């Protein structure tokens, strides 16, 4: 999301990430553990998150939301 700050300059104020997996959750071994842990190991997400709120959603190929 981009909004204007108090000085009327455009700034990124929020980032929404949607990941869609190529398989259903049932086809992926340890998918629950992977979804639970992946953000803390993502260099970009954790770096950006220090200054901009980041919302991450994960869906399998059948559209089931895993996060």
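Values quoted throughout were computed directly from the atomic coordinates according to the rules given, and no laboratory measurement underlies them. Being a predicted model, the structure only gives us computed values, none of them experimental. Reconstructed Cβ throughout: ideal geometry from the backbone, glycine too, with neighbour counts over all protein chains shown.
Criterion applied to 54, 58, 18 was being surrounded by 14 or more Cβ atoms within 10 Å (Cβ to Cβ) and closer than 21 Å to residue 3 by Cβ, and the one residue passing it is 54.
Every residue in region 34-67 that is part of a loop (DSSP other than H, G, I, E, B) and either in contact (Cβ under 8 Å) with a residue 24 or more places away in the chain or over 18 Å from residue 20 (Cβ atoms) (or both), please. Selection gives 50, 51, 52, 53, 60, 61, 62, 64, 66, 67.
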